[in-house]
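> The structure that follows is given in the form of structure tokens.
Quick note: the coordinates plus some simple rules give every number you see, no bench work behind them. All values reported here derive from a predicted model rather than from experimental measurement. As a convention, Cβ positions derive from the backbone with ideal geometry for all residues, glycine included, and neighbour counts pool all protein chains shown.
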Amino acid sequence: MRLLHPLLGILMLDKEALTALQQAAEVLIHDSAPGMVMGDMPTFLKKVERGDMHIDATAGSIVKISVHNFVSYARFHQRVCKLLEQLKILDKVTSLSLVNFRLMSGKMPDKKNLNRPYATTKTHLDVWSGEPADIAHVWVALFGDVTNTTMELFEPPDAIFQEKWFKTLDQYDQGEKLPKMKQIKLKHQIGQVILFDGACPHKTSLLNGQPRVSFDVKLCRKKMAATQSFASAYVTTDQFEEIFNNGKIG
Ligand SMILES: [Fe+2]
């Protein structure tokens, strides 16, 4: 893993690991989108872009789990857990959230969606919407336009450990009134694991591009020193580097 910031690290999945996740994701999409033909994701994404294909999802583009896709969602979830286990991430957490599987349109949503109190297109910490303060995020794009339909990350202001930074807010807009934050430069790629601390502000970024498929999961960290971020603690793990360098992730 390479640290881009004390609060953020990245690594590329090897081909085997990425393919396993993509295959599980494709089955999940198939079971979520009536009429989707397996084995041709580019065509599927084009149809989504044209509005010819629809997946039932939340306002934040999280694919809804129903009687039709529950089994494939569970299998995808299992695949994600396996990956986290192999990356030795599970050793460092007490719990993890359900995996959010997203099919994000590249287009800006309508005003009603954008005005939601906790719209992910606003710069935010998940803590502001009531998530625990001591979390870290894993975010991975699997298909589609990851250049234009993406996520921006920011350095928190210096005073991140002040209590007010981790306060629950009525809406994310209140957080944006805090000091201006510097964007962390990041080149998004399919199969890139982004691990970032819960103190790291982020937002969905939509530049009128094509759809993107990604997943993200929140981790509750085991107790660490107050000044230590999950990413910086993780990057020093020898076992992990060994696995990564040997290309045995998968
Ligand atoms: Fe978030």
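> How would you rank 135-145, 44-54, highest first, on the average number of other Cβ atoms within 10 Å across their residues? Working shown, then result.
Details: 135-145: 22.5, 44-54: 16.2.
In decreasing order of mean packing, 135-145, 44-54 become 135-145, 44-54.
> With +1 assigned to the C-beta of every Lys and Arg and -1 to the C-beta of every Asp and Glu, and no other charges, what is the dipole magnitude of region 2-245 about the Cα centre in debye, to the nearest 20?
On the way: 30 positive and 27 negative charges, 90 e Å.
The dipole of region 2-245 has a size of about 440 debye.
> Using the structure shown, list the pairs from K107/K167; K111/K180; K180/K203 with a Cα-Cα distance above 19 Å, or answer none. Each step should come with its number before you reach the end.
Working: K107/K167 31 Å; K111/K180 24 Å; K180/K203 14 Å.
From K107/K167; K111/K180; K180/K203, over 19 Å: K107/K167; K111/K180.
> Another question, then. Starting from the 7 Å offset along Cα-to-Cβ, what nm value, one decimal, do you get for the label separation of K167 and V37?
5.6
> I've got another one for you. Run the simple label-point estimate for K182 and L3 please: 7 Å along Cα→C-beta, distance reported in nm.
About 1.5 nm separates the two model spin labels.
> Moving on to the next point. Take each of the peptides 26-38, 110-122, 63-75, average the number of other beta-carbon atoms within 10 Å over its residues, and list them starting from the highest.
Details: 26-38: 17.9, 110-122: 14.1, 63-75: 15.6.
With the highest mean Cβ count within 10 Å placed first, the list reads 26-38, 63-75, 110-122.
> A further question follows. Using the basic label-point model (7 angstrom from Cα toward the beta carbon), what is the V93 to T19 distance in nanometres?
Label-label distance for V93 and T19, simple model: 2.6 nm.
> Consider just the alpha-carbon atoms of region 2-245 and return their Rg together with their Dmax, both in angstrom.
Radius of gyration, then largest Cα-Cα span, for region 2-245: 17.6, 51 Å.
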